[in-house]
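The values are calculated or read from the model by the stated rules, or taken from the named source; none is laboratory data. Keep in mind that what you see is a predicted model, and the values were worked out from it rather than measured. Please note: Cβ atoms are built from the backbone with ideal geometry, for glycine as well, and neighbour counts cover all protein chains shown.
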Amino acid sequence: MVSSADSVPLPLGPAFLRLFEALEARATLVWSSVARDDGPEVRDVEPATLEDWMSRYVDGDLGAFERIYAELGPKLFGYLLRLTRDRARAEDLVQITFAKVHRARGSYFRGAPLLPWVLAIARRSFLDERRHARVRPEDLSYDGNVPEPKQDQPALDSDVVEALERALTNLPPAYAEAIQLTKVTGLSTQEAAEVLGTTKTAVKLRVHRGYLLLRRQLESSHDEGESS
Amino acid sequence: MSDPDFEALARRRPLPHPRVLEAIRADLAKASPEPARALSRGTRLALSVLLLFAGFAATTFGDWFERGALWFLGAAGACFSLGALVLSETLPGPRTRLGLGARRALVVSGVAVVLVFYSILADDYVTLAEFFGGGSRGREHVSHALACLAHALVTGFLCSTGLLLVWARTDPFTPTWSGAILGLSGSWLGSLAVSLGCRATEGLHLILGHGMVAVIATLAAALLGRKWLRP
C-alpha cells in the first residue's frame, strides 16, 4: 500500500547535491592546506623572498614570473655566459631553463632555496646542449673538425676585473665553475655542491685549488704588466 | 698582490638581450596558466609508503596465511619504517638533506646489507658447479632461483617504477643517486616479498634468487632516475 506521503517527492535530490558540493569544497580546502607546507595562501601580502614569489608562480600567478626573472635572470645569464663563453648560446640556455622551470614548477618544494634549484636545471641543460652540440655538424667548421671560434665576452669596464675575468676563463672548468658559484653567484658550499652534483669537500678543494691557480695567474700578469 | 676581487666581478651583471624575455613571455603565454599540481614532500612520502604497502600486500597475499599475520605485520612494519626513514632523509625537499657522500654510502651499504644478510641466513651451500651444472638437480636449483628472482624483480620493479613516478621531476641535483635510493627501497620490498613465500635455506639460492634483486633494481632505477627525476 502506498501512502499519500510516499507519492509526494521530497526535495532530497537538490539537498544532497548541495551537501555534496559543500563537502567537496571543504575537502578541497582542507586538502590544499594539508598538501602545502606553508598553510593557506595569503594573497594580499607582498612576498618577502624569491621563494615566496615562486610559490605564487606555482599557484598560477604568472605575474610573479617577472619578479623571478628580474632577480634570477642576470645571475643565471652570468653563470651560463661563463660556462658557454658564448652570448647567443647563453641566451638560448636562459630561455630553455625558464621553459623547464615553468614545466617543472609543480615539483618545486615550497620554501626550498630557488637559486640552486634553477642553477642546477640550467647546468643540466648546458650539459645536454654541449653533448648534442658535439654531434651537430653545423657547430663544426668547414673542414668538419674544428669548432668555429666563439667569443663575445661581456664588455669590460676595468683592468682589474678584466684580468680576473680572463684568469677565471683560463682556469680548468671544474675549478672555474666552483669559484663562480661560491664567490660570484653567492651560493653556500653546500648549495654549490648540490648544483654540481658533488660533495662539499670536493667543492672546497676545487675552490682552494682554483684560487691558488687564479692568484698565480694574476700575479704573473701583474708582473708582466710592470715589466712592460 | 691583493686577493682577487670577486665582489667586483659579482657586481658586473651582464644582461641577456630583451628579446630573450620576450621569447620566454611568448612561451608562457602559450603554456597553461592553470596552477601547477604541486604535491608537497609529505604527500609524496605518504604516497610512497602507501605504494610500498600496496605492492607488498598484493604480491604476498597468498603467503599471509601460511606465515601468520603477526609475522607479516612485523616484517612489513620494519620494512616500511626503514624505507620511510631512508626516503625522508635522502630525497629532495625544502631543507638540507644528507650530503651526497652519505647518500652514496647509503646506496652501496644498502645493497651490501641485503647480500650479507642472505649469506648469513643460509644454512648450507652447494658448490657453483653443483648449482649451475647439468643434471636434474642442477636444473632444479637454477629454475627455482630464477623463479624467485623473477618474483622479486616484478615486485621490486613495480614498486620502484611507482616510486620514480611519484618523485618525477623533483631532483635537478643528483637524479641518478635519488633514483638509486628509490630502486633500493623497491628492491628491499621485492626481496622481502619473495622471502615470505620461499623456505629455501641454501646460500647461493638466497643470494641469487632473493638478494640479487637489490643490485639489479638499484642499477635500473638509477638509470631511469637520471631521465625521470630531472625537471
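The set of residues in region A:172-228 that are touching a residue at least 12 places away in the same chain (Cβ under 8 Å), more than 17 Å from the chain's Cα centre (by Cα) and in a loop (DSSP other than H, G, I, E, B) contains only A:Pro172. The residues on offer are B:Arg199, B:Arg230, and the sole one that is away from chain A (no Cβ under 14 Å), of a type outside the set (Gly, Ala, Ser) and outside any helix (DSSP H, G or I) is B:Arg199. Going through (1) more than 14 Å from chain A (Cβ to nearest Cβ); (2) in a helix (DSSP H, G or I) one by one, B:Val126 falls short only on (2). Scanning region A:44-79 for residues that are outside any helix (DSSP H, G or I), within 25 Å of A:Leu181 (Cβ to Cβ) and hydrophobic (A, V, I, L, M, F, W, C) returns a single hit, A:Ala48. Candidates in region B:89-107 are the residues that are away from chain A (no Cβ under 11 Å) and crowded, with 16+ Cβ neighbours inside 10 Å; of these, the one that is modelled with the lowest pLDDT is B:Thr90. Kindly indicate whether B:Ala75 is modelled with pLDDT under 80, facing chain A (nearest Cβ under 7 Å) and in contact with a helix residue (DSSP H, G or I) (Cβ under 8 Å, 6 or more places away or on another chain). Taking the combined requirement at face value, the residue does not satisfy it.
Taking the criterion of being of a type in the set (Val, Ile, Thr) and crowded, with 24+ Cβ neighbours inside 10 Å, the residues of region B:199-223 that qualify are B:Val213, B:Thr218. Contact annotation: residue pairs with Cβ atoms under 8 Å, 6 or more positions apart or on different chains, pairing a residue in region A:67-88 that is at the interface with chain B (Cβ under 10 Å from one of its Cβ atoms) with a partner that is among the aromatic types (Phe, Trp, Tyr), are A:Tyr69/A:Phe98; A:Leu80/A:Phe126. Sub-6 Å Cβ pairs linking a first residue in region B:155-182 that is more than 21 Å from B:Gly101 (Cβ to Cβ) to a second residue that is among the small types (Gly, Ala, Ser) and surrounded by fewer than 20 Cβ atoms within 10 Å (Cβ to Cβ), at least 6 apart or interchain, are B:Arg169/A:Ala104, ordered by first then second residue.
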